[in-house]
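Every number in this text was worked out from the coordinates using simple rules, so none of it is lab data. Please read these numbers as outputs of a predicted model, since none were measured by experiment. Here the Cβ positions follow ideal geometry from the backbone for every residue, glycine too, while neighbour counts run over all protein chains shown.
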């Protein structure tokens, strides 16, 4: 009689990898007020959309943690599952998902990002924020 | 395999039959589009949920490394009250 062994090792190895990514993601967003999951780093972005959010945050003097998803495939997929959001970049403020590049750009232009930062006690440069709006309004 | 603007528009219109959908090809490579979706169902929803609904209509085209749609700039709006 042939004994069929379930491939337990592989499954649990994969589950461990998945939950490692989740644990890492959770600790990033708990330990840092503002986290940007992006392609590349805030100093050297590797994608136009990531570059735009990083640029806005840097210009506004917001302190944030950049997580380069290109360095870790599990985090790259993990953050999409975690946020239920299919694209990178992803901005988290005080543990809450705020949005991707489109949403953050809209919020910057409407002043909603300022309001969010005010409400969440995140420091930023209000002058810089106005300058972005002035420079980009039609 | 790249998607055409028509394919994207069709998928979104299936999810949002009464929406005004405008697709712009940003790079001419079939991989970088902008989509503006104006639909009554967005009223009262925050932007994240509005966009999630559009992503859901695109039924996994964005997914994974082989996702056919590499980059989609999304704008979602509520129709203006006349």
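Residues in region A:45-70, backbone N under 19 Å from the label point at residue A:131 (7 Å along the Cα-to-beta-carbon vector): list them, ranges by number please.
Answer for region A:45-70: A:52-64.
Arranged by the count of other C-beta atoms within 10 angstrom, fewest first, what order do A:114, A:66 take?
A:114, A:66
Separation between the residue A:65 and residue A:84 pseudo-spin-labels, each 7 Å from Cα along Cα→Cβ, expressed in nm?
It is 2.4 nm.
Label residue B:56 and residue A:109 with points 7 Å out from Cα along Cα→Cβ: what is the distance between them in nm?
Calculated label separation equals 2.6 nm.
Place a point 7 Å from the Cα of residue B:77 along the Cα-to-Cβ direction; which residues of region A:84-105 have their backbone N under 12 Å from it?
none
Would you mind giving the mean number of other chain beta-carbons within 10 Å of the Cβ of each residue in B:39-51, as a whole number? Intermediate results must be reported in sequence, preceding the final value.
Working: counts 0, 0, 0, 0, 0, 0, 0, 3, 9, 9, 0, 1, 7.
Rounded to a whole number, the mean comes out at 2.
Return one number: the angle in degrees, 0 to 90 and rounded to the nearest 10, between the long axis of the Cα atoms of helix A:126-136 and the longest principal axis of the Cα atoms of chain A.
90
Grab the Cα-Cα distance for residue A:58 and residue A:20, subtract it from 0.36 nm times how many residues apart they are, and report the gain in nm with one decimal.
Working: separation 38, 0.36 × 38 = 13.68 nm, distance 2.92 nm.
Going from the current span to full extension adds 10.8 nm.
Against the longest alpha carbon principal axis of chain A, how many degrees, from 0 to 90 and to the nearest 10, is the axis of helix A:48-59 turned?
Tilt relative to chain A: about 50 degrees.
May I ask you to give the average projected area over all directions of the convex hull of the Cα atoms of region A:26-136, in nm² rounded to one decimal? Before the final figure, lay out the partial values.
Details: hull surface 25.0 nm².
Averaging across all directions leaves 6.3 nm² for the Cα convex hull.
What's the average, rounded to a whole number, of partner chain beta-carbon atoms within 10 Å of each residue's beta-carbon in A:98-107? List each step's numbers first, then the result.
Numbers: counts 3, 4, 6, 3, 9, 8, 1, 2, 4, 1.
Mean shielding by partner chains, rounded to a whole number: 4.
Can you figure out the FRET efficiency of residue A:44 with residue B:43, using R₀ = 30 Å and their beta-carbon distance, to the nearest 0.05?
Working: r = 40 Å, r/R0 = 1.35.
Efficiency for this residue pair is about 0.15.
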